[in-house]
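Written below as structure tokens is the structure these notes are about.
The values are calculated or read from the model by the stated rules, or taken from the named source; none is laboratory data. In this text the structure is predicted, and so the values were computed from the model without any measurement. Reconstructed Cβ throughout: ideal geometry from the backbone, glycine too, with neighbour counts over all protein chains shown. All accessible areas refer to the heavy atoms of the entire protein, side chains included, with ligands and DNA or RNA removed. Shrake-Rupley method; radii C 1.70, N 1.55, O 1.52, S 1.80 Å.
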Amino acid sequence: MEPPPPKSWSIHTRSEIIAKYQIMERVGSGAYADVYRACRLSDGLTVALKEIHDYQSAFREIDALQLLQGSPNVVVLHEYFWRDDEDAVLVLEYLRTDLATVIADAAKANEPLPVGEIKRWMIQILSGVDACHRNMVLHRDLKPSNLLISDNGLLKLADFGQARILTEPRFDASEDNTYNNEESSRVLDEIDKDANIRDGNATCNTSDVDNEMREGEDEEPGCFTSCVGTRWFRAPELLYGSRDYGLEIDLWSLGCVFAELLTLQPLFPGTADIDQLSRIISVLGNLDENLWPGCSKLPDYGIISFSKVENPAGIEACLPNRSPDEVSLVKRLVCYNPPRRATAMELLCDKYFSEEPLPVPVSELRVPLTRKEGDEDSPGSGWLDYEDMGSDSDFDDFGPLNITRTGTGFSIQFP
């Protein structure tokens, strides 16, 4: 019996793929995946072929996307190819731009996004997150570059390589009124009655194909890795080493995305994990049991401490010239205590989206002609440098440290 052929690491040699698709060009590349623009030979549809080199990431993305099929604000998985001796290749919608580019273009022009457009982008993001959470899909890497946009303005969540399907939810979605499917559909119908657009032909994935952190081992329910997601959008419980978390970490990321839409600047652009925590604490104040009951049980709570912040800036200071309703929206997501973060459906029901100025129709959204190339691949290229947000902390950036031995090890206090 002949040994199985070695992995090709290239879709160009896969007969089952090239028989159905003409590969046009590679549009993204990373350590864990390569993405190609291709044409489906049967009908000429432009698609994205995502070749994933990591077994766990491929399994998670396929599992999540199959569960979410039919969700208007989640990228469509048309089909996939996978066998034991080859990498998985996912055939996805081709969406050529993303929210990061929308933000970057507005920042470059020094023109804030109109409120009506901001509201429509937010509604689409919330709708996608609501679909995920109603199906107990935890995305774990929400950020502007993973929110892809079609030519006609339809936004879709993408890159589910870090996603997990929760089998033991932190709260029961079937009993929580805010996650009632019927109510969810009613609210979305009312909000989007003027923008019910299904993107059947304009179709992907030029988003990051190299997730920043990948797990090297299987995770058991209630024992996830804390090294997940992209630092600027990472919830404080993850920064403090928690491995027992739920849908709430997506809600924190959502608040950071919304703040960026409102200001065209990242909310917490940390240069390392410790700096990330420091920036959060300077805004929200020192973390204690009053703000977050049970926080002292976080794995690294007793190891890392900061000097007392007497006058935290508050979210208001981070959102200058924004309305009280906009500040409130972000504050309901960017808060320490995870159970207090508003769900996607709760926010969709907020009066902010039904008051003047109303959300513009999807068809009136301004969509960039192309996705920014290089911004996310070049370290030090500026505030849109999402690729340079790993989990390695550079203690040298913080000057002298106060290190104290404790009964279980040591404590590090940062100025």
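Determine whether the range 274-284 contains at least one residue that is in a loop (DSSP other than H, G, I, E, B), out of contact with any Phe, Trp or Tyr (no Cβ under 8 Å at 6 or more places or on another chain) and not charged (D, E, K, R). If you could, list the steps in order and put the result at the bottom.
Start the filter on the range 274-284 by keeping residues that are in a loop (DSSP other than H, G, I, E, B), which leaves none.
The answer is no; no qualifying residue exists.
Of the set (1) surrounded by fewer than 21 Cβ atoms within 10 Å (Cβ to Cβ); (2) under 26 Å from Gly246 (Cα atoms), all apply to Asn146 but (1). Here Tyr352 fits the description: of a type outside the set (Val, Ile, Thr) and within 24 Å of the chain's Cα centre (by Cα). Residues of the range 73-83 include none that is charged (D, E, K, R) and within 30 Å of Asn321 (Cβ to Cβ). The C-beta contact set for the range 42-58 (first residue within 19 Å of Leu148 (Cβ to Cβ), second residue part of a helix (DSSP H, G or I), distance under 6 angstrom, 6+ apart or interchain) comprises Leu49/Ile11; Glu51/Ile11; Ile52/Ala58.
In the range 337-369, which residue that is within 27 Å of Pro236 (Cα to Cα) and in a loop (DSSP other than H, G, I, E, B) is most open to solvent (accessible area, probe 1.4 Å)?
Looking only at the range 337-369, we keep the residues that are within 27 Å of Pro236 (Cα to Cα), and these are 337-350, 352.
If we keep only those that are in a loop (DSSP other than H, G, I, E, B) too, we end up with 337, 341-343, 349-350.
Values: Asn337: 25, Arg341: 8, Ala342: 5, Thr343: 13, Cys349: 74, Asp350: 35 Å².
Among those residues, the one meeting the criterion is Cys349.
Just checking, does the range 33-45 include any residue being among the polar types (S, T, N, Q) and open to solvent by 50 Å² or more (accessible area, probe 1.4 Å)? Yes, because at least one residue in the range 33-45 is among the polar types (S, T, N, Q) and open to solvent by 50 Å² or more (accessible area, probe 1.4 Å).
Taken together, Asp85, Asp151, Asp130 contain a single residue that is open to solvent by less than 50 Å² (accessible area, probe 1.4 Å) and in a loop (DSSP other than H, G, I, E, B), which is Asp85. For Glu117, the criteria (1) open to solvent by less than 10 Å² (accessible area, probe 1.4 Å); (2) acidic (Asp, Glu); (3) assigned to a helix (DSSP H, G or I) hold in every case but one, which is (1).
What are the residues in the range 154-170 that are under 15 Å from Thr97 (Cβ atoms), buried (at least 24 other Cβ atoms within 10 Å of the Cβ) and not small (Gly, Ala, Ser), if any?
Leu155, Lys156, Leu157, Asp159 - these are the residues of the range 154-170 that are under 15 Å from Thr97 (Cβ atoms), buried (at least 24 other Cβ atoms within 10 Å of the Cβ) and not small (Gly, Ala, Ser).
Within the range 234-273, the set of residues being over 25 Å from Ala104 (Cα atoms), in a loop (DSSP other than H, G, I, E, B) and over 15 Å from the mean Cα position of the chain (by Cα) comprises Tyr240, Gly241, Ser242, Arg243, Asp244, Tyr245. The condition (being open to solvent by less than 70 Å² (accessible area, probe 1.4 Å) and at pLDDT 90 or above) is satisfied by just one residue among Glu61, Glu25: Glu61.
I'd like to check something: does the range 300-316 contain any residue that is hydrophobic (A, V, I, L, M, F, W, C), within 21 Å of the chain's Cα centre (by Cα) and open to solvent by less than 40 Å² (accessible area, probe 1.4 Å)? Full working, then the answer.
Our first condition is that a residue be hydrophobic (A, V, I, L, M, F, W, C); within the range 300-316, this holds for 303-304, 306, 309, 313, 315.
Among the residues that remain, those that are also within 21 Å of the chain's Cα centre (by Cα) are: 315.
Those left that are additionally open to solvent by less than 40 Å² (accessible area, probe 1.4 Å): 315.
Yes, the conditions are met somewhere in the range 300-316.
I'm trying to understand the selection: among the residues of the range 64-82, which are open to solvent by 10 Å² or more (accessible area, probe 1.4 Å) and not small (Gly, Ala, Ser)? Residues satisfying the conditions are Gln66, Leu67, Gln69, Pro72, Asn73, Val76, Leu77, His78, Glu79, Tyr80, Phe81, Trp82.
Scanning the range 45-74 for residues that are farther than 26 Å from Ile123 by Cβ, in contact with a Lys or Arg (Cβ under 9 Å, 6 or more places away or on another chain) and of a type in the set (Val, Ile, Thr) turns up Thr46, Val47. Scanning the range 88-102 for residues that are more than 17 Å from Tyr21 (Cα to Cα) and open to solvent by 20 Å² or more (accessible area, probe 1.4 Å) gives a single hit, Arg96. Of all the criteria given as (1) open to solvent by less than 40 Å² (accessible area, probe 1.4 Å); (2) among the β-branched types (Val, Ile, Thr); (3) modelled with pLDDT under 95, the one not satisfied by Val334 is (3).
Screening Ile18 on (1) farther than 26 Å from Trp121 by Cβ; (2) aliphatic (A, V, I, L, M); (3) open to solvent by less than 40 Å² (accessible area, probe 1.4 Å) shows it passes everything except condition (3).
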